[in-house]
DNA sequence: TACCGTATTGTAAGCGCTTACATTGCAAAT
DNA sequence: ATTTGCAATGTAAGCGCTTACAATACGGTA
């Protein structure tokens, strides 16, 4: 059995094809610079030996890895999956590879992952949200690694971002709910520390309340991790204040709230309205289907990839783009009709 | 502003600390071989310069990357998320980094990803399921990269695996359903081509039918991609044969089936029983909660990590482990009471 | 006092690739 | 026939690190 042989190197290929290493390298990277006969001969040898370029060596010599790193807060639920999928596809079409790691919403884990990805030669980084130690941005600029923030658009940030206005989106949803007659509002939010998305969504609700003459102080907020059971538990907690609507910072939390409501014998939306955020597939799986905010995941992912690649190849600062999030009305919220 | 400077290298550190490059390398990798004063001095310089070892250079010189690659069929739904999370955690505790990529259930994409990960110097690979071109296994053994299969345990495979017996698990569930009196059975399966898990689950149902004197030919099978809408559509299709129970190859498909049932005005489980597989979080979010097969995701992930690390460090063939999957009864299936 | 073993550090040879620069060959221009 | 320009190829210098081996220093032993 063929085994334990060292894998073929570029030198091996060069020797077997009777050309120099430079030529083999050209065949692999810039075939248009090689004459047709030579190219054919070299490719035959590559095929026959099963040669694969050694990535580490390539990165070292070229100082370019064609690799983009992304650090997302979690892989556990689908929040980032669709956007990341689109990001990855777009990258792939441009010859880049995506390296993903998850930080479990832990800032220091995130910092470590960022260092790891940079050390691995990532040409650029995708980060989620703006909230993080400024030292990280310093480090990145010192290492000359372009970074792009997604999932959150803020006006004037030093690091460019492709995202939507979490605050305005949540405000829009809250205003519609208020227009339905709801006044006693509760919110189940993700943990807002180090998470601008969560924080801004809470702010958005308060904005809507203020704008409609409802004191934001009357908002009951429960902050919990983004998982179904936590959402259910939080629902129990906020119900102590007898709200008529529970706005959730995320569909996963809303799914938990829905489950808790059912277990309390409450019918949604007749007894209580519940809304989500993100429009994950989950939103249409639960019953009733969730009224929620649709986030342009795919578009965000694709644009982020394009912008990041442009930043890398054109060696320029990135441009931010604000995308629109839209309210989707489904069955989980309805006008209040008992006064 | 400090910018555009080349990041500090090991040579820089050596010069600033007044030692040789070998000593700096030792400080980083095997500090116990360096005298305390030297170590202190070097560490101070590292701290002060913000030196991070260049990963590519390290891999090249050491021929060891402390990186494990995993190629999963999809990140789109949560099927592999929990297991992978556990895998990653266990790896991390041993100083390894995980590189994940998804093949979108496409064999040739998978093959490409495998090559990519090997070229990147992965010390070992985690693969999902056994079904793939033998040439891939050849390639891996030629490149001397250990691989481990997860999510499927088959008796005597050349490539070791950590998983459960998909066939037996599905058979067990099917037998319980048959014991409930069901005779007209339909199945919504994932695409079985190149997917032993899907295939074996179908086989498991047929086994159960045969064992109970029901002709396996009467099983209606609909194969669709693993997503909710596909599950819903497939449900419509299998209902043409008026089954009393629809076994789904996966919770995601079952969630789709549930949704379709509701849209047809059918009550689950009174009008029809539906079961899932995997026991994802989703299984408890839908209504009614799914009767399903619990897969030991976490345990599988952790064990896989341990075994793979052992294969790498001890340079030995891997051992397979068979884990147990258990049936979880919740509300989506019930005994047939109308004869 | 001469010698040895051990602990610590240094020297330098690669690891497999890319790429600036040098060389070669040949058709077109003079 | 000589020169020029360009396309194709080769030469060789690194990229930043690890590690086998060599060198050194120092305490202990005979």
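Restricting the calculation to Cα atoms, region B:224-328 yields a radius of gyration followed by a Dmax of 17.8, 59 Å.
If you look at the Cα atoms of the protein assembly as shown, you get an Rg and a Dmax of 27.5, 89 Å. Quick one: helix B:228-238 against the long Cα principal axis of chain B, what's the angle to the nearest 10°, folded into 0 to 90? With rounding to tens, the tilt is 30 degrees.
When Rg and the Kirkwood Rh are both derived from Cα coordinates, the Rg/Rh ratio for chain B amounts to 1.13. What does the C-alpha gyration tensor say about the overall shape of region A:147-258? Classify as rounded when a/c is under 1.5, otherwise prolate if a/b is larger than b/c, or oblate. Note, shape of region A:147-258 comes out oblate.
Reducing region A:160-189 and region B:270-339 to their Cα centroids gives an inter-centroid distance of 38 Å.
Panel values: region B:10-88, Kirkwood radius from alpha carbon pairs, Stokes-Einstein at 25 °C and 0.890 mPa s, translational diffusion coefficient 162 µm²/s. Using C-alpha pairs below 8 Å separated by at least 6 residues, the relative contact order for region A:43-138 is 37 percent.
Pair-distance distribution P(r) for region B:85-177, from all Cα-Cα distances in 5 Å bins starting at 0: 3, 11, 20, 22, 20, 12, 6, 4, 2, 0 percent.
With both residues required to sit in chain B, DSSP beta bridges show an antiparallel share near 10%. Under a Gaussian network description of chain B, with springs only between Cα atoms under 10 Å, the residue in B:139, B:96, B:66 that fluctuates furthest is B:139. Shortest first, residue A:331 label-point distances to identical copies amount to 1.4 nm, with the label point at 7 Å from Cα along Cα→Cβ.
One Cα centroid belongs to region B:92-151, the other to region A:246-266; the line between them spans 40 Å. Expressed as an acute angle from 0 to 90° and rounded to the nearest 10, what is the orientation of the C-alpha long axis of helix B:196-211 relative to the principal long axis of chain B? Orientation of helix B:196-211: about 30 degrees from the principal axis. Judged by the gyration tensor of its Cα atoms, with axes a ≥ b ≥ c, region B:130-181 is prolate; a/c meets the 1.5 cut and a/b is the larger of a/b and b/c. Extending 7 Å from Cα along the Cβ direction at residue B:21 and again at residue A:61 yields two label points whose distance is 1.8 nm. Counting from the shortest, the label point at residue B:32, 7 Å from Cα toward Cβ, is 5.6 nm from the same position in each remaining copy.
Which chain A residue sits with its beta carbon nearest the axis carrying A onto B, and how many Å away is it, rounded to a whole number? Here the nearest residue and distance are A:56, 2. For chain B, the longest principal axis of the C-alpha atoms and the axis of helix B:297-313 are separated by about 40°. Inter-copy label distances at residue A:193, shortest first and taken from points set 7 Å along Cα to Cβ: 5.2 nm.
Tell me, what is the percent relative contact order of chain B, built from C-alpha pairs under 8 Å that lie six or more residues apart?
About 16 percent, as a whole number.
Given a Förster distance of 35 Å, report the FRET efficiency between residue A:92 and residue A:215 from their Cβ-Cβ distance, rounded to the nearest 0.05.
On the way: r = 50 Å, r/R0 = 1.44.
Computed FRET efficiency for residue A:92 and residue A:215 comes out at 0.10.
Report D for region A:73-119 in µm² per second (integer): Stokes-Einstein, Kirkwood Rh on Cα pairs, 25 °C, 0.890 mPa s. The estimated diffusion coefficient comes to 210 µm²/s. Label sites at residue B:11 and residue A:271, each approximated as a point 7 angstrom past Cα along Cα to Cβ, lie 7.3 nm apart. For chain A, modelled as a GNM whose springs connect Cα atoms under 10 angstrom apart, the maximal fluctuation among A:91, A:99, A:266 occurs at A:266. Shape class for region B:195-241: oblate, because the ratio a/c of the largest to smallest gyration tensor axis (alpha-carbon atoms, square roots of eigenvalues) is 1.5 or more and b/c is at least a/b.
In region B:92-251, Cα pairs under 8 Å separated by at least six residues give a relative contact order of 19 percent.
Just so you know, all these numbers are worked out from the coordinates, no wet-lab data involved. Since the structure is predicted, the reported quantities are computational estimates derived from the model, not experimental observations. Backbone-built Cβ (ideal geometry, glycine too); neighbour counts: all protein chains shown.
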